[in-house]
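Here the structure comes first, spelled out in structure tokens, and everything after it is commentary.
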Amino acid sequence: MHNTPASTPAIPGWRLIVSDTGRYWAIRKRAFPRVALRAGVEPAVDADTFEEVQAAVAAQEEKARTAVEGVSS
């Protein structure tokens with residue numbers, strides 16, 4: 001695996017890696033809150049395309065927001 005080249009779009013707050021086979025991996029730079037992790041949020045996701053990994057990241061971020069908001073409500 002290698003870091004993505006400068007021409008590859010970025011996902012703020014996530015480290016993007018492209019494998020030698022072209023698969024995308026995103027790893028969150030900062031840990032999710034414990035309540036989010038207990039709710040099943042994943043700090044690392046992978047997909048076949050940038051768009052798919054971007055959607056997977058968005059899903060995890062939304063899941064984390066929901067978990068945190070549920071605690072503070």
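Quick notes
- Contacts under 7 angstrom Cβ, first residue in segment 40-55 being surrounded by fewer than 14 Cβ atoms within 10 Å (Cβ to Cβ), partner assigned to a loop (DSSP other than H, G, I, E, B), 6 or more apart: ASP48/ARG23
- Test: residue in segment 16-36 that is surrounded by fewer than 11 Cβ atoms within 10 Å (Cβ to Cβ), of a type in the set (Gly, Ala, Ser) and over 18 Å from VAL68 (Cβ atoms): yes
Since every read-out is calculated from the coordinates, none of them should be taken as a lab result. Note that the structure is predicted; figures quoted are calculated from it, not measured. FYI the Cβ positions are ideal-geometry reconstructions off the backbone, even for glycines, and counts take in every protein chain you see.
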